[in-house]
Amino acid sequence: FVHKKGASLERLFEMRVGDYQSAPVVIPETATVGDAVVSLFLEDVGTLFVIDAAGCLAGVVSRKDLLRITIGNAAAASMPISLVMTRQPNIHTIMPDERLLAAASKMISYEVDSLPVVNAASVPGDPHKLEVIGRITKTTITKVLLELALD
Ligand code: ADP
C-alpha cells in the first residue's frame, strides 16, 4: 500500500463527483412510509430521495427516520412520507463538477451517509428547484479509496 502514494493522492484530489456518482433511488412525495420501507429493501440502499410532482428534490428519508416513526406505531405504514422526511431547504447536496473530496467532507461535517447529486432545475417561477441526477454515499468513497490502494 505504500508505493505511488503521491500519485494516488493527486488522483484522489482531481476526482469529480459526476464520474463516481451512482443512480439515485427516488420515491414520490405521495408515497407512504410503507412504500419507503419496501423501496429501501428492494433497492438495497440506506437512504431514499423524495421528489415532488415536478420531479425535483423535496426531501431525504433515511433508515433512522423510518425506524423512528415505525417503532411502536401500527399506523405508520400508511402515513405520508412527507411527514417524516428531512425537507428542503435543509438538504445537503453536491453538484457533479465538484470534487469527490468535497462530497466526503460534507458527509463527515454534516454527519449524513449520502448526498444527492443535483443540477439546478429550470422550473418556471422557482429558481431554487433542484433536479436529482445521482447519489454519493460513504460506500462510493470507500470503493474509490480501495481502488486507489490496490491500483
Ligand atoms: P441513518 O439515519 O440511516 O443513520 P443518515 O445518518 O444519513 O442515515 O441520516 C441522519 C439524518 O439526516 C436523517 O434524519 C436523514 O433524514 C438526514 N439526512 C440524510 N442525508 C441527508 C442530506 N444529504 N442532507 C440533509 N439531511 C440528511
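Within region 112-151, the residues that satisfy the criterion of being at pLDDT 95 or above and small (Gly, Ala, Ser) are Ser114, Gly134.
If I ask for residues that are of a type in the set (A, V, I, L, M, F, W, C) and assigned to a helix (DSSP H, G or I), which ones from region 9-23 would you list? Let's see the steps before the verdict.
Kept after step one, since they are of a type in the set (A, V, I, L, M, F, W, C), are these residues of region 9-23: 9, 12-13, 15, 17, 23.
Selection gives Leu9, Leu12, Phe13, Val17.
Restricting attention to region 97-125, the residues that are under 13 Å from the mean Cα position of the chain (by Cα), over 13 Å from Ile141 (Cβ atoms) and of a type outside the set (Phe, Trp, Tyr) add up to 4.
Considering each residue of region 82-100 in turn, at least one proves to be aliphatic (A, V, I, L, M), closer than 27 Å to Glu10 by Cβ and more than 11 Å from the ligand (Cβ to nearest atom).
Only one entry of Val17, Val38 meets the criterion of being modelled with pLDDT of 95 or more and over 28 Å from Leu148 (Cβ atoms), and that entry is Val38.
Based on what the data block shows, is Glu98 crowded, with 16+ Cβ neighbours inside 10 Å, acidic (Asp, Glu), touching a Leu at 6+ places or on another chain (Cβ under 9 Å) and within 18 Å of Ala23 (Cα to Cα)? No; evaluated as a whole, the condition is false for this residue. Is it true that some residue in region 67-79 is under 17 Å from the mean Cα position of the chain (by Cα) and either under 30 Å from Glu14 (Cβ atoms) or crowded, with 17+ Cβ neighbours inside 10 Å (or both)? No, there is no match, as no residue in region 67-79 is under 17 Å from the mean Cα position of the chain (by Cα) and either under 30 Å from Glu14 (Cβ atoms) or crowded, with 17+ Cβ neighbours inside 10 Å (or both).
If the condition is being of a type in the set (D, E, K, R) and either within 15 Å of the ligand (Cβ to nearest atom) or surrounded by 17 or more Cβ atoms within 10 Å (Cβ to Cβ) (or both), then region 3-58 contributes Glu29, Asp35, Glu43, Asp44. On the stretch given as region 112-141, residues that are farther than 16 Å from Ile91 by Cβ and touching a helix residue (DSSP H, G or I) at 6+ places or on another chain (Cβ under 8 Å) total 3. None of Leu83, Leu115, Leu130 is buried (at least 17 other Cβ atoms within 10 Å of the Cβ) and under 21 Å from Leu40 (Cα atoms) except Leu115. Could you tell me whether region 107-122 includes any residue that is without any contact (Cβ under 8 Å) to a residue 12 or more places away in the chain, closer than 28 Å to Arg11 by Cα, within 13 Å of the ligand (Cβ to nearest atom) and not in a loop (DSSP other than H, G, I, E, B)? Yes - at least one qualifying residue is present in region 107-122.
When Val45, Val50, Val61 are screened for being at pLDDT 95 or above, more than 21 Å from Arg16 (Cβ to Cβ) and in a loop (DSSP other than H, G, I, E, B), only Val45 passes.
The values are calculated or read from the model by the stated rules, or taken from the named source; none is laboratory data. Here the structure is a predicted model, which means the values were calculated and not measured. Here Cβ is always computed from backbone atoms with ideal geometry, including for glycine, and neighbour counts include all displayed protein chains.
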